[in-house]
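The block underneath contains the structure these notes are about, expressed in structure tokens.
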Amino acid sequence: MMSRERFVLLLDSSTDYCSVALASDQRGVLSEREETDRSKQSERLAVMASEVLAELPKDVDLSAVCLAEGPGSYTGLRIATGYAKGLAWSRNIPLLAVTTPQLIALSYQEIEHPCSGALLMPMIDARRMEVYSALYNVDNNAETDIAALILTEGETLASLKELVGDRELIYFGSGAEKAQDIFDQLLPNSRYVPGIYPKAKDMAGVAFELLERGIQQDVAYWEPFYLKEYEAKKTLNKVLRNI
């Protein structure tokens with residue numbers, strides 16, 4: 001007997017690239033929408049979500065909502081979080097979360113199929129020569145924690161060189177281009193892949209796995225993974241200390 005079909009709404013506005021998708025555990029991705037203009041994320045996310053939810057079969061409930069939890073854009077994370085938590089609360093469905101670096105790694109693997117020993121390094125632009133990143137193997141298992149890395153810092157580069165060894169390193173994402181000159185000299189087996197952005201639809205498989213395993217977030221208390229304090233808040237605190 002075939003099990004009941006389940007549907008998950010997938011959301012990501014954690015970077016400059018905003019996307020939404022509806023996926024089925026039996027039929028894959030049913031509908032998706034994308035917005036590349038960062039300034040329109042706040043107005044477009046809910047609209048795009050409503051459009052893909054219209055593809056739900058009649059008299060069928062949404063099984064869960066899953067979002068990219070960061071790190072990334074503070075504003076973008078707040079937009080997706082507010083919408084996802086409101087939807088999960090109102091429909092009494094699980095709230096699921098996938099880290100943004102993992103989603104970017106998943107989106108890369110929709111484009112290329114790296115060799116089994118390769119390391120994947122999604123990089124999210126933070127500012128100047130800083131990125132948010134982690135290392136993953138081709139099975140999408142993290143080999144390091146997500147961290148804020150300064151690409152010009154000697155200790156950071158030495159640690160990275162030791163971790164990578166003689167393995168192929170494939171790096172991509174919004175913060176990857178500025179690492180090219182450094183990695184070309186430091187890691188001869190490294191390769192930059194341009195044009196890789198997180199797409200919500202690519203976390204469908206992970207979302208259904210989380211749902212199956214019952215790994216969900218507390219709707220009332222869960223917060224996105226900011227990694228670092230919002231810069232405006234830090235600046236304000238600095239001002240207050242000087243009063």
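The values are calculated or read from the model by the stated rules, or taken from the named source; none is laboratory data. The structure displayed is predicted, hence computed values, not measured ones. Counting neighbours? That spans all protein chains shown, and the Cβs are built from the backbone with ideal geometry, glycine included. Accessible surface areas use protein heavy atoms only, side chains included; no ligands, DNA or RNA. Shrake-Rupley method; radii C 1.70, N 1.55, O 1.52, S 1.80 Å.
Could you say whether any residue in the stretch 6-25 is open to solvent by less than 30 Å² (accessible area, probe 1.4 Å), assigned to a loop (DSSP other than H, G, I, E, B), under 16 Å from L210 (Cα atoms) and touching a residue at least 60 places away in the same chain (Cβ under 8 Å)?
Taking the stretch 6-25 and keeping what is open to solvent by less than 30 Å² (accessible area, probe 1.4 Å), we get 7-15, 17-24.
Those left that are additionally assigned to a loop (DSSP other than H, G, I, E, B): 13-15, 17.
Add one more test, that the residue is under 16 Å from L210 (Cα atoms), and what stays is none.
No; the residues of the stretch 6-25 include none that is open to solvent by less than 30 Å² (accessible area, probe 1.4 Å), assigned to a loop (DSSP other than H, G, I, E, B), under 16 Å from L210 (Cα atoms) and touching a residue at least 60 places away in the same chain (Cβ under 8 Å).
On inspection, V47 fails the criterion of being crowded, with 16+ Cβ neighbours inside 10 Å and either under 20 Å from the mean Cα position of the chain (by Cα) or of a type outside the set (K, R) (or both). Just a yes or no: is a residue in the stretch 87-106 in contact with a helix residue (DSSP H, G or I) (Cβ under 7 Å, 6 or more places away or on another chain) and hydroxyl-bearing (S, T, Y)? No, the stretch 87-106 has no match at all. The residues of the stretch 1-37 that are under 13 Å from A80 (Cα atoms) and not small (G, A, S), listed by number, are L9, L10, L11, D12, T15, D16, Y17, C18, V20.
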